[in-house]
1. Tally time: how many residues in segment 308-339 are surrounded by 22 or more Cβ atoms within 10 Å (Cβ to Cβ) and among the hydrophobic types (A, V, I, L, M, F, W, C)?
2. What residue, among those in segment 1-52 that are closer than 21 Å to Gly311 by Cα, open to solvent by less than 20 Å² (accessible area, probe 1.4 Å) and part of a loop (DSSP other than H, G, I, E, B), is nearest to the ligand (Cβ to nearest atom)?
3. Gln369 fails exactly one of the following numbered conditions: (1) without any contact (Cβ under 8 Å) to a residue 24 or more places away in the chain; (2) closer than 13 Å to Ile304 by Cα; (3) open to solvent by 80 Å² or more (accessible area, probe 1.4 Å). What is the number of that condition?
4. Kindly evaluate Ser138 against the criterion of being buried (at least 18 other Cβ atoms within 10 Å of the Cβ), at pLDDT below 95 and under 24 Å from Val168 (Cα atoms).
Amino acid sequence: MQSVHCPCCNSENLSQVYPQFTGTCIKSDMEILPKASIANRQCLTCGLIFNAAGTRGHGEAFYRDSYSLMLRSLEASIQSFAGVAPISQAERTHQILREMTTLPAQGRVLEAGAGKGDFLTFFAKESQNWDICAFEPSGAFETLRARFPAADIRKSDYHSVDMEIGIVDLVVALGVLEHVDNPLDMLRWAHARLKDGGLFYIRVPNFERNPNDLFCADHLSKLTAPSLNWLAARAGFEVVALREAGVPIFILLRKSAAPQRVPDDVVEKNAAIIANNVAVAKRAMEAIVNCRARAAEAKESFAIFGLGSSGLFAPFSLGFDAGDIAAYIDENKSVWGSSIHGRPVGGLDMIAKLGIKHVALAVSPVYFQQVTDKLLKHDVKVYSA
Ligand SMILES: [Zn+2]
């Protein structure tokens with residue numbers, strides 16, 4: 001690779017971060033990305049952690065043509081296990097916004113990358129007098145438009161969205177910022193779209209709690225609370241609230257006229273997160289190596305629990321046949337019955353059905369204990385990072 005610059009501050013002062021890989025990669029929608037690279041870096045000037053390769057530079061075509069997360073059915077949605085009972089990620093995200101602020105009775109909301117409109121459905125129910133604008137670059141656009149016939153819905157990404165949308169009271173970007181080439185550019189774009197004092201509500205996967213994200217080719221930025229605080233200040237936002245809940249991190253920003261103090265401790269804070277996460281990610285791969293080896297020795301079957309990137313990436317990064325994996329097990333019912341690398345995806349009942357004796361975890365460390373306790377009741381040996 002030629003000289004690499006930080007997408008946010010343009011610095012060439014970068015350190016390499018595990019892994020460095022070229023071959024078949026995994027995207028966050030669980031599909032494969034052939035002939036791609038992972039070239040993770042930390043910027044030693046601003047602190048940003050990013051993949052210098054992956055889908056960088058061809059994002060727009062990528063989302064238009066191929067991004068398929070949860071498009072399989074309208075009911076399919078990511079579950080949040082952070083609360084008492086599992087509720088949809090969209091509902092939880094909406095609840096947290098309402099906990100962070102009280103919105104006026106009327107206003108104009110713009111959701112960037114609104115997907116099928118799951119969040120906006122909850123939002124519109126509670127804020128019935130708000131105007132809704134949204135755009136979505138992927139095939140989810142058709143569903144979004146059908147769900148909000150009276151709203152201003154465009155098939156676009158934020159670079160090319162029509163400026164007729166005008167000035168809004170609230171911009172929402174859920175699971176978007178980690179995908180764009182330059183997250184600072186997107187914050188500045190939102191700043192320009194907002195009225196003074198307007199709000200920007202963001203949800204991203206919290207890299208600090210998701211070491212597996214090192215293996216994800218299309219999460220171009222591995223965002224952390226320190227990085228989000230840095231980006232907010234640089235773009236002219238003050239932080240209203242920041243909440244870590246499960247794997248996601250939620251942050252509500254207010255457009256400010258006053259200059260913001262840009263934090264200067266992001267490099268060292270993120271370096272500590274990287275050190276911890278690289279160790280966990282390497283152990284997650286070792287857990288799969290050990291699980292597969294023990295199963296082979298005993299001539300027994302093994303499975304991978306969770307659809308985290310480590311488990312999806314393992315056959316490619318470790319160079320074994322995905323056919324060795326008896327099944328992928330997950331608790332999100334909406335993925336049951338599907339397949340990954342030709343292997344079945346199902347619930348815990350797969351253990352008895354397929355005679356599985358060994359299970360490696362591919363979930364966030366936040367859930368290691370919870371999942372291990374559940375699996376041990378099924379008489380399997382559990383391998384975790
Ligand atoms: Zn930088």
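1. Looking only at that region, the number is 7.
2. The selected residue is Lys27.
3. (2)
4. Working: buried (at least 18 other Cβ atoms within 10 Å of the Cβ): yes; at pLDDT below 95: yes; under 24 Å from Val168 (Cα atoms): yes.
Yes: the conditions hold for Ser138.
The values are calculated or read from the model by the stated rules, or taken from the named source; none is laboratory data. Bear in mind the structure is a predicted one, so any value in this text is a computation, not a measurement. We place every Cβ from the backbone using ideal geometry, glycine too, and count neighbours over all the protein chains shown. Just the protein is used for accessible areas: all its heavy atoms, side chains included, with ligands, DNA and RNA removed. Shrake-Rupley method; radii C 1.70, N 1.55, O 1.52, S 1.80 Å.
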